[in-house]
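Please read the structure below before turning to the comments.
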Protein chains: 2
Amino acid sequence: MTSTDSSGVRPTRQRRAVAAALEDFDDFRSAQEIHEALKAAGDNVGLSTVYRALQAMADAGELDMLRSEAGEAVYRRCSGSHHHHLVCRVCGATVEVEGPTVERWTRAVAAEHGYADVSHTLEIFGTCARCHRG
Amino acid sequence: MTSTDSSGVRPTRQRRAVAAALEDFDDFRSAQEIHEALKAAGDNVGLSTVYRALQAMADAGELDMLRSEAGEAVYRRCSGSHHHHLVCRVCGATVEVEGPTVERWTRAVAAEHGYADVSHTLEIFGTCARCHRG
DNA sequence: ATTCCGAATGAGAATCATTGTCAAGTCAGC
DNA sequence: GCTGACTTGACAATGATTCTCATTCGGAAT
């Protein structure tokens, strides 16, 4: 699992299909949903392969992965840089947000308690304007 | 009507046992680990009951629940107020941290994008001083 | 104390996402 | 066209969590 890969994931028909499917979504989708979408589109890709492709792409930093409230892993294409997500808990609409403030704060807190090698997870959930009015 | 601690969880032998087990831990534990601990201590409590008790207590705000990197739910007793966690990824040592800054920031970001009813999850992972020196 | 009823329990089955297995398929380069 | 390493996919296996349902318990009213 150590990345001897030069820069990314070796492109096969299946992996390209998974990547393409993700382009069609704006929000986070589970492996199973992507598998369904591919089947519906006529691209037959095994479920295991979808899981492997998603993990590989997430490892390569080409995807964001987070856990839904139900605890299942969901994926979304993303920009390369570090950021967080503002997710509508009704329709799933997602906005990428950046926060130097937060980054600084977490680093400071960790340092204050003597923790090194710091990483963090931060997701914001809410009801987007459209769903809120509805 | 003079029940001090009843926020909806009826105290039974089993629930008291679960609560007591959590007192013995400083870090996050899975339902299964707690079930094991109870069995080891001679308190026989069904696994389903442990799950139910934990969920009920988490709903009542008496526990913190978060998902380990492996995706399983882990629980820890906690203070009532809103806070986040700084967790050692080696030994699990946990510090509760508060951050008005972060709270303010998330609210601002959400508002800026028209999101209402905002909640968020934030966990910080690192290597604590003791494990770091190791 | 006794009764009564809804809530709680527990043993096991059921569910469901995810991972492992391994034979068959694919592709590059020789 | 052959070889070998990597990839795929059907299916089994795993493992956490939830469901089922007959039984038991708690505690308020009697």
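The values are calculated or read from the model by the stated rules, or taken from the named source; none is laboratory data. Given the structure is predicted, the values throughout are model-derived calculations rather than measurements. Here Cβ is always computed from backbone atoms with ideal geometry, including for glycine, and neighbour counts include all displayed protein chains.
Among the candidates B:M57, B:M1, the residue that is modelled with pLDDT under 95 and surrounded by 13 or more Cβ atoms within 10 Å (Cβ to Cβ) is uniquely B:M57. Of the residues making up the range A:79-134, those that are more than 27 Å from A:M57 (Cα to Cα), of a type outside the set (A, V, I, L, M) and within 7 Å of chain B (Cβ to nearest Cβ) are A:T101, A:W105, A:H113, A:G114, A:Y115, A:G126, A:T127, A:C128, A:H132. If you go through the range B:36-69 and keep only what is within 14 Å of chain A (Cβ to nearest Cβ), more than 8 Å from DNA strand D (Cβ to nearest atom) and not in a helix (DSSP H, G or I), you end up with B:M65, B:L66, B:S68, B:E69. Hey, among the residues in the range A:11-35 that are within 12 Å of DNA strand C (Cβ to nearest atom) and among the hydrophobic types (A, V, I, L, M, F, W, C), which one's nearest to the other protein chains (Cβ to nearest Cβ)? Taking the candidates together, the pick is A:A31.
The set of residues in the range B:70-86 being within 16 Å of DNA strand D (Cβ to nearest atom) and either surrounded by 11 or more Cβ atoms within 10 Å (Cβ to Cβ) or at pLDDT 95 or above (or both) consists of B:E72, B:A73, B:V74, B:Y75, B:R76.
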